Amino acid sequence: MEDIYNELIMEHSMNSYNKKKLDHADFCEIGHNPNCGDEITLELKMNGNIIEDMAFSGHGCAISQASTSIMIDTLKGKTIEQAKEIIKTFIEMIKREITDEEELKKLEDAIAFKNVSNMPARVKCALLAWHTVEDILK
Ligand code: ZN
């Protein structure tokens, strides 16, 4: 299982199809993690209550880039309420406040970052995009 997750992270960090500009973004927010030098710009397009599209640009380590890309896959098409619930679950998984596999299923591919909770130096990298989108949805 671990290898599949690592591959997924590698895939998204190297050449993400979510790394682009949106034509008509409704929201744009910059996230910065000075500890590592990660910097991302998130763009979000809403359709009523639903996250219609999302994209990112910027630079940073493999974990921050992959986490942003996989987050976009996970949140796209969700309602604001669903997205908030997923974001909360992701943050709690990284902080090891949730370990129940059933509860983590709603994270879809983002569950690949579960082991980051064992790497304190990488926690902020993994959470950067999630905190940034949380700010947009507030
Ligand atoms: Zn980083």
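Counting only Cβ charges, +1 for Lys and Arg and -1 for Asp and Glu, the dipole size of region 94-138 around its Cα centre is about 280 debye.
Could you put T99, T41, T68, T89 in order, starting from the residue whose Cβ has the fewest other Cβ atoms within 10 Å?
Least to most surrounded, the residues fall as T99, T41, T89, T68.
Sorted fewest first by neighbouring Cβ atoms within 10 angstrom, S69, S57, S13 come out as S57, S13, S69.
Estimated from the Cβ-Cβ distance and a Förster radius of 25 angstrom, the FRET efficiency linking R96 and H24 is about 0.05. The stretch between L137 and Y5, if pulled fully straight at 0.36 nm per residue, gains 44.8 nm over its current Cα-Cα span. A simple spin-label model places pseudo-atoms 7 Å from Cα toward Cβ; at M46 and K106 they are separated by 2.0 nm.
Extents of region 1-78, largest first, come to 38, 30, 17 Å (Cα atoms, principal axes, whole angstrom).
Translational diffusion coefficient, Stokes-Einstein: compute it for the chain using the Kirkwood radius over C-alpha pairs as Rh, at 10 °C and 1.306 mPa s, and state it as an integer in µm² s⁻¹.
108
Measuring against 26 Å, Cα to Cα, the residue pairs K20/K95; K19/K76; K19/K45; K21/K95 contain K20/K95; K21/K95 as the ones spanning a longer distance. Ordered by the count of other Cβ atoms within 10 Å of each Cβ, fewest first, R96, R122 give R96, R122.
Taken about its Cα centre, the chain carries a charge dipole of about 300 debye when Lys and Arg each add +1 at the Cβ and Asp and Glu each add -1 at the Cβ. If you keep only loop residues by DSSP, which GluC sites (Glu not before Pro) in region 80-138 have at most 13 other Cβ atoms within 10 Å of their Cβ? Within region 80-138, the qualifying GluC sites (Glu not before Pro) (loop, at most 13 other Cβ atoms within 10 Å) are E97. Working note: Karplus 6.51/-1.76/1.60 with θ = phi - 60° gives region 11-23 the couplings 4, 6, 7, 7, 8, 7, 6, 8, 8, 6, 10, 8, 5 Hz, where Gly and Pro are set to x. Selection among I4, H32, L104 by position relative to the dipole of the chain gives H32 as farthest towards the positive end (Cβ unit charges, Cα centre).
Throughout, read-outs are computed from the coordinates displayed, never taken from laboratory work. The model shown is predicted, which means the values in this text are computed figures rather than measured ones. We place every Cβ from the backbone using ideal geometry, glycine too, and count neighbours over all the protein chains shown.
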